[in-house]
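One structure is given below, encoded as structure tokens.
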Amino acid sequence: MTRGRSTAPARAWIGLAIVVGLAGVAWAFVSWALPPPVVPAAAGVSFDRRDNALWLGRRWIHEEPSDAELDALAGRLAAHGISTVYPFLGPMNPRGWPGWRDRGVIRTFTHARAASFRARFRSRAAGVRVIPWTGGVLGQDVLFTDRVRIAGFLQQVSWLVGEGGFDGVHLNVEPLADDDPAFLRFLGEVKATLPHGKVLSVAAYPPTTPLHPYKRVHWSVEYIRRVCEVADDLGVMSYDTALRWPRIYERLMASWTRDLAGLPAAAPAGCEVRMGVPTYEDVAGWHDPPPSA
């Protein structure tokens, strides 16, 4: 009797896994067989509106790029229609001060170096918004209940958009499960710290699908809408799909874009939504770039 009771839950989980697997296979087959859904563009608007964004690496804020490097960066941004950059600021330490992780230790950013980068970059690309990218690993760097850490982080945000001269802050917290109310409260605190005209930007997770049912790293459209109600700008992490088939990938991107296209209009003040494109070189099960040409 004991054995029969213990195996019943296992059979249930196996059955559920089979159902989910079959649903994923069916979704993938339909995606391969049918053309991608068309997302209509606004009248008179081309595919590339020259309002693109780019995540930047650590060196721009944490090191001292040369004049030649800054000139080259400004030129590339102009050539590709990039109007916003998110330079890496990094995860917060126990005092809430962001920095880069060096063998397990957070090396905090320096105000002088960050302000110098912002001023030097502005002289070359005055029309490009610069919004530092920060946050970190949930439960390790970001602890919503650690009031000392959060208060220190809000102080650094205040400096960034004040004396630092930056245009806002971009929050990237991973992993972050769907429908987390603590994250919404955290966004509200950061938003309240920003003066009028400064941008609260969020690295948002794409919606779940039959192939991506993992609510630890995918959000419902409803939760994305709630984030959009607080934030001004969403960079949707629509990559790391673990897909190897171009047709299915194209359909997934079109479907996600269609699902999220109405979010700005749903938010009280509107929010800008950008779909992320995988351009980095990581090789992992969830992201496998093609060989270089």
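Quick note: the coordinates plus some simple rules give every number you see, no bench work behind them. On a predicted model such as this, the values are computed, not experimentally measured, just so you know. So basically every Cβ, Gly included, is an ideal-geometry build from the backbone, and we count neighbours across all protein chains shown.
Whose amide H sits under 5 Å from the amide H of LEU56, counting only residues 5 or more places off or on another chain, with H placed in the peptide plane?
Distant-sequence amide H within range of LEU56: TYR86, PHE88.
Going by a ≥ b ≥ c, the root eigenvalues of the Cα gyration tensor, does the range 165-241 fall in the rounded group (a/c under 1.5), the prolate group (a/b larger than b/c) or the oblate group?
prolate
With both bridge residues required to lie in the range 52-275, what share of the DSSP beta bridges run antiparallel, to the nearest 5%?
15
Please compute the contact order of the range 52-275 in relative form: average sequence separation of alpha-carbon pairs under 8 Å and at least six residues apart, divided by the residue count, as a percent.
15
Around TYR205, what is the net charge, scoring Lys/Arg as +1 and Asp/Glu as -1 over all other residues with Cβ under 12 Å from its Cβ?
Local charge sum for TYR205: -3.
Based on the Cβ-Cβ distance of VAL137 and GLU69, what FRET efficiency does E = 1/(1 + (r/R0)^6) give at R0 = 30 Å, to the nearest 0.05?
The calculated FRET efficiency here is 0.55.
Which value, in debye to the nearest 20, describes the size of the charge dipole of the range 50-153 about its Cα centre when Lys and Arg Cβ atoms bear +1, Asp and Glu Cβ atoms bear -1, and nothing else is charged?
For this selection, approximately 160 debye.
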